[in-house]
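All remarks here apply to the structure that follows.
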Amino acid sequence: MRNKPPNIAQKILLRFLRHDLAEEVQGDLDEQFYAKLEESSVFRAKLNYWYQVFNYLRPFAIRKSGLTYLNHNAMFQSYFKIGWRNLSRQKMYSSIKIGGFAIGIAACLLIALFIHQELSYDRHFLNGDRIYRVFRESSFNGEMGRGAFFPSPFAATLQEDYPEIELAGSYNQVPIFGAGSNEVRRADKPESSHEDNLIFADQSLLNIFQVPFIYGNPANALSEPNTIAITKSKADKYFPDEDPLGKILILNNDPSKQYTVTGVIPDFPVTSHFRYDFLLSLADKEFYPGEMTNWRNDNYLTYILVREGTDVAALEQKLSAMIEHYFLPPRIEAGQAEDIAWVKSMRFGLQPLQDLYLNVDEVSDNLSHGDIQYIWLFGGIAIVILLIACVNFINLSTARSANRAKEVGIRKVVGSQRGSLVKQFLTESFIFSFFSFAVGVVLAFFLLPYFNLLFAKSLVFPWNEWWWISGLIAGPLLTGLIAGFYPAFYLSSFQPLKVLKGNVSQGSKTSSMRNALVVFQFTISIILIVSTLIIDRQMYYILNKKLGFDKDQVLLLQGTHTLANKISTFKNELLQLPHVSSASITGYLPVEGEGVNRNNGGWTKEGMNPEDAVSGQQWSVDPDYVKTMG
């Protein structure tokens, strides 16, 4: 064993040497090895063998592999030509096959855009992994609830008492305090515009979110009283072609509510739960006397930026100390047993910023939210639709097996291997898949505006995103492989002898698989159709259910609260219009639901214990309210 030529050298020689030279060269080298072994040591003989091997690794002696590559290219060109010929010859069959696949792909693309947007909320904020919103869970009258509203001094106390918290900021969105819906105008213009997205925010909130500024200094834009930061779109609306810094905006036509523009920020993206156009300063702002030290009124949403490495779970537990120190004493002083019990049941939690939109913790905050259940539902529907499209593709391919049986039989007779036939049928599947994807993308592009209208979204095709381009490339390959895998092996399994005798059914495997796929396709389709009809009837019921008042032809005029004592005069002027049959003044509408800050009060009978009062909402209406609302 020891005195033989080196085995590795022999393998290298045979791997690279031309086949017609291999036997002769190897024999010569072996003879030289044994001759050298008689003259010198084994080491020198092996070293000389290695030298001769490397000496033969020259262009004239190396095996040429270009012919193999050329054969492969010609083979795949042949597959492509055959696939294209089958597609172009059978136009009706190809149209049905591509059309069905394309509709499924278009639906999946639209759903994918929807899911991607829902899952991408609040991903743009810097240090977003360290930003949390504080919420509390408590029991009131035996019912557990979660809310995100806290007293005015809560945020500053958090930052002061807990070193783990780098920054704490808050904002107020409660409409009765001047946030929410308002009338806004320039100080030098008489006309006001109705605006919905106003909040009072503190400087710390801007620092937590690291909101970029187009104009102004982000470090102190809201640090002074009566200052305001506005978005770029609102700056263009109120101060077109002007520098807005230092200009004055008046809120609700009240000269005492003047705010100086100290910053212009970009419009918040649609994938932000925090989307406001006017950020008014909370510096030295009290909506009622003593609010800054009052721990019993909850009107502020609070965010924190934790320091790196903070144990968030441990911080949540530590926050419970605030209940004894700050929340409970004023309740004990007021002596309201129900309020005391509510505070004692309280516990604090921290919501990660990127979980706020989907609101998996189900915290009441008066914001618009998505629903993780809808994402799972639509994701499942997309998968099912794609499966139905693939099953339809498979069924159409295998249903025409008789037309391809003789082709397969002849090819096998003349020497084609099953592997080659599988490659050919997979190539045809890829061709259909690429055409289907192209048609599906075009369909989705034209259907996107209607999809946005249906779901109240603003989805766009992200042509500049790597994941979208990658998906459009990988999608046809993956779906072509999934949809073409079974037909390729099914069609290539025909036995040539039986097929050429005319017995196609015996020339292939049993059709039980195809029958099962047909049953699956029809079952899922029926389930989707029935579900759609049920949802349609439910929506019809919601839209047409009698609500106890006549909502048709009733218009709501917003911003009339700025008229103050002139509101009755305005109503009388409306009644003079020929198309106005009735008008009424009211604080709220009956269709406004949970989260609306109506006036809550306790109702009791005469002589009844006040602690047994029944909570009820109330709002003021004028004598024409019942007539106007029908």
Determine which member of the set Asp355, Asp298 is modelled with pLDDT under 90 and either acidic (Asp, Glu) or at negative phi (or both). Asp298
Which one is farthest from Leu205 (Cα to Cα) among residues in region 86-125 that are open to solvent by 10 Å² or more (accessible area, probe 1.4 Å) and not in a helix (DSSP H, G or I)? Gln90
Working only within region 233-271, note down all residues that are over 18 Å from Ile214 (Cβ atoms), touching a Phe, Trp or Tyr at 6+ places or on another chain (Cβ under 7 Å) and in a loop (DSSP other than H, G, I, E, B). Thr271
Can you tell me which residue within region 436-487, out of those that are among the polar types (S, T, N, Q) and in contact with a helix residue (DSSP H, G or I) (Cβ under 8 Å, 6 or more places away or on another chain), is modelled with the lowest pLDDT? Thr479
Name the single residue, out of those in region 126-170 being in contact with a helix residue (DSSP H, G or I) (Cβ under 6 Å, 6 or more places away or on another chain) and over 27 Å from Gly290 (Cα atoms), that is surrounded by the most Cβ atoms within 10 Å (Cβ to Cβ). Ile131
Looking at Ile214, Ile208, which is the one that is open to solvent by 40 Å² or more (accessible area, probe 1.4 Å) and either within 27 Å of Val306 (Cα to Cα) or hydrophobic (A, V, I, L, M, F, W, C) (or both)? Ile214
Asn403: passes all of (1) at pLDDT below 70; (2) open to solvent by less than 60 Å² (accessible area, probe 1.4 Å); (3) polar (S, T, N, Q) but (2)
In region 435-456, the residues that are of a type outside the set (A, V, I, L, M, F, W, C) and surrounded by 16 or more Cβ atoms within 10 Å (Cβ to Cβ): Ser436, Gly440, Asn452
Being closer than 23 Å to Leu126 by Cα, among the small types (Gly, Ala, Ser) and in contact with a strand residue (DSSP E or B) (Cβ under 9 Å, 6 or more places away or on another chain) is the filter here; which residues of region 192-249 pass it? Ala201, Ser204, Gly216, Ala221, Ser223, Ala229
Do any helices (runs of 4 or more DSSP H) lying entirely in region 492-554 carry at least 1 residues that are under 37 Å from the mean Cα position of the chain (by Cα), modelled with pLDDT under 85 and surrounded by 13 or more Cβ atoms within 10 Å (Cβ to Cβ), and which ones are they? 512-544
Residues satisfying the stated conditions in region 334-380, i.e. of a type in the set (Phe, Trp, Tyr) and in a strand (DSSP E or B): Phe348
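Residue by residue, here is whether (1) of a type in the set (S, T, N, Q); (2) under 30 Å from Pro255 (Cα atoms) holds:
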position	(1), (2)
Met539	no, no
Gln553	yes, no
Ser568	yes, yes
Ser581	yes, no
Among the residues of region 298-349, how many are polar (S, T, N, Q), under 15 Å from Pro163 (Cα atoms) and surrounded by 15 or more Cβ atoms within 10 Å (Cβ to Cβ)? 1
Could you please find all residues in region 285-326 being more than 30 Å from Gln258 (Cβ to Cβ) and in a loop (DSSP other than H, G, I, E, B)? Trp295, Arg296, Arg307, Glu308, Gly309, Thr310, Asp311, Leu319, Ser320
Looking at region 338-349, is at least one residue among the aromatic types (Phe, Trp, Tyr) and within 30 Å of Asp612 (Cβ to Cβ)? yes
So Glu291, is it open to solvent by less than 20 Å² (accessible area, probe 1.4 Å) and over 23 Å from Lys237 (Cα atoms): yes
Criterion (under 27 Å from Ile250 (Cα atoms) and either open to solvent by less than 70 Å² (accessible area, probe 1.4 Å) or modelled with pLDDT under 85 (or both)) met by exactly one of Gly587, Gly616: Gly587
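The values are calculated or read from the model by the stated rules, or taken from the named source; none is laboratory data. The structure presented is a predicted model; accordingly, all values stated were derived computationally and were not measured. Using ideal geometry, Cβ is built from the backbone for each residue, glycine included, and neighbour counts are taken over all protein chains shown. Each accessible area value is taken on the protein alone, full model and side chains, heavy atoms only, with ligands, DNA and RNA left out. Shrake-Rupley method; radii C 1.70, N 1.55, O 1.52, S 1.80 Å.
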